1. Name the residue that is farthest from residue 244 (Cα to Cα), counting only residues in region 178-197 that are surrounded by 12 or more Cβ atoms within 10 Å (Cβ to Cβ) and out of contact with any helix residue (DSSP H, G or I) (no Cβ under 8 Å at 6 or more places or on another chain).
2. Find the residue count for region 103-115, including only residues that are under 17 Å from the mean Cα position of the chain (by Cα) and free of Cβ contacts under 8 Å to residues at least 24 places away in the same chain.
3. Out of all the residues in region 116-126, which are farther than 15 Å from residue 177 by Cβ and either free of Cβ contacts under 8 Å to residues at least 12 places away in the same chain or touching a helix residue (DSSP H, G or I) at 6+ places or on another chain (Cβ under 6 Å) (or both)?
4. May I ask you to verify whether residue 229 is without any contact (Cβ under 8 Å) to a residue 60 or more places away in the chain and touching a helix residue (DSSP H, G or I) at 6+ places or on another chain (Cβ under 8 Å)?
5. Could you check how many residues of region 203-216 are part of a helix (DSSP H, G or I) and surrounded by fewer than 13 Cβ atoms within 10 Å (Cβ to Cβ)?
6. Test residue 119 against the stated conditions and say whether it is surrounded by 13 or more Cβ atoms within 10 Å (Cβ to Cβ) and under 30 Å from residue 227 (Cβ atoms).
7. Out of 41, 83, which single residue is assigned to a helix (DSSP H, G or I) and either in contact with a helix residue (DSSP H, G or I) (Cβ under 7 Å, 6 or more places away or on another chain) or modelled with pLDDT of 90 or more (or both)?
8. Output the number of the condition that residue 23 fails; it satisfies all remaining conditions of (1) more than 26 Å from residue 218 (Cβ to Cβ); (2) surrounded by 16 or more Cβ atoms within 10 Å (Cβ to Cβ); (3) at pLDDT below 90.
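The values are calculated or read from the model by the stated rules, or taken from the named source; none is laboratory data. Given the structure is predicted, the values throughout are model-derived calculations rather than measurements. A quick note on method: Cβ atoms are made from the backbone with ideal geometry, for glycine too, and the neighbour counts reach across all protein chains shown.
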């Protein structure tokens, strides 16, 4: 068994010398950064302009380079210095944009909580105004009864009673308007909640489909996702036209505006959905 294992190991090394083992999954773009005893190690795999690159950078110095699965000798690295620089610059921009998107998602969540609190305060105020309107109606009735008893007593008292009745009528009308507005606010709040639930379900369905289409290995791998009428990106990578058209057609609701989804650094934690609809 030891001899057989040694033979298999030699064959695997020979095969890997011509085509790097990671080249088999040329569309699994990734950018890993970790700290080791060597220092800061960055490993990048990407399909850049229809050419697959994989390289490792330790403490800001490249240590390995593969192009289309072929290992490139250090003496030939200079031929690829420009494209490596372009890729690293794009990755830097993508990281900055990802941080901005996460920050915006957090701001959107804070604003949403503020809006919910304001809606609750508005509802409480509407209830107070309804109670006040009820008290006003009772008072108006008392004033009318007093006016009847005082009709024979004096003409001036009748005039004052009439003024009180008119004031009560105005209070009733205002209370009705407040009640109607409160009802409309409650209806709109329910519509907003239903729409938010539908969008969350659509996002779950989209993530499941991304996994099924092997765009991401699992739901926890999704860090960010955007979709609009022009393009679709997954984890900062612009998707091919066939994938974009498929998801644009199936998720028109998102594609008609600008949809973005972000997950937390722990992986799989839902940080925020942002969707801005563009009216036609």
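1. Of the residues in region 178-197, the ones surrounded by 12 or more Cβ atoms within 10 Å (Cβ to Cβ) are 178-179, 181-182, 185-186, 189, 192, 195-196.
Still in the list and also out of contact with any helix residue (DSSP H, G or I) (no Cβ under 8 Å at 6 or more places or on another chain): 192, 195-196.
Working: 192: 28, 195: 24, 196: 24 Å.
Only one residue fits best here, namely 192.
2. Let us first name the residues in region 103-115 that are under 17 Å from the mean Cα position of the chain (by Cα), namely 103-113.
Narrowing the set further to residues that are free of Cβ contacts under 8 Å to residues at least 24 places away in the same chain leaves 103, 107, 110-113.
Summing the residues that are under 17 Å from the mean Cα position of the chain (by Cα) and free of Cβ contacts under 8 Å to residues at least 24 places away in the same chain in region 103-115 gives 6.
3. Our first condition is that a residue be farther than 15 Å from residue 177 by Cβ; within region 116-126, this holds for 116-121, 123-124.
116, 117, 118, 119, 120, 121, 124 - these are the residues of region 116-126 that are farther than 15 Å from residue 177 by Cβ and either free of Cβ contacts under 8 Å to residues at least 12 places away in the same chain or touching a helix residue (DSSP H, G or I) at 6+ places or on another chain (Cβ under 6 Å) (or both).
4. Numbers: without any contact (Cβ under 8 Å) to a residue 60 or more places away in the chain: yes; touching a helix residue (DSSP H, G or I) at 6+ places or on another chain (Cβ under 8 Å): yes.
Spelling it out, residue 229 is indeed without any contact (Cβ under 8 Å) to a residue 60 or more places away in the chain and touching a helix residue (DSSP H, G or I) at 6+ places or on another chain (Cβ under 8 Å).
5. Going through region 203-216, the residues part of a helix (DSSP H, G or I) turn out to be 203-212.
Pick out the ones that are also surrounded by fewer than 13 Cβ atoms within 10 Å (Cβ to Cβ) and you get 204-205, 208, 212.
Going through region 203-216 one residue at a time, the tally reaches 4.
6. Details: surrounded by 13 or more Cβ atoms within 10 Å (Cβ to Cβ): yes; under 30 Å from residue 227 (Cβ atoms): yes.
It is true that residue 119 is surrounded by 13 or more Cβ atoms within 10 Å (Cβ to Cβ) and under 30 Å from residue 227 (Cβ atoms).
7. Working: 41 fails: assigned to a helix (DSSP H, G or I).
Unique residue meeting the criteria: 83.
8. Status for residue 23: all satisfied but (1).
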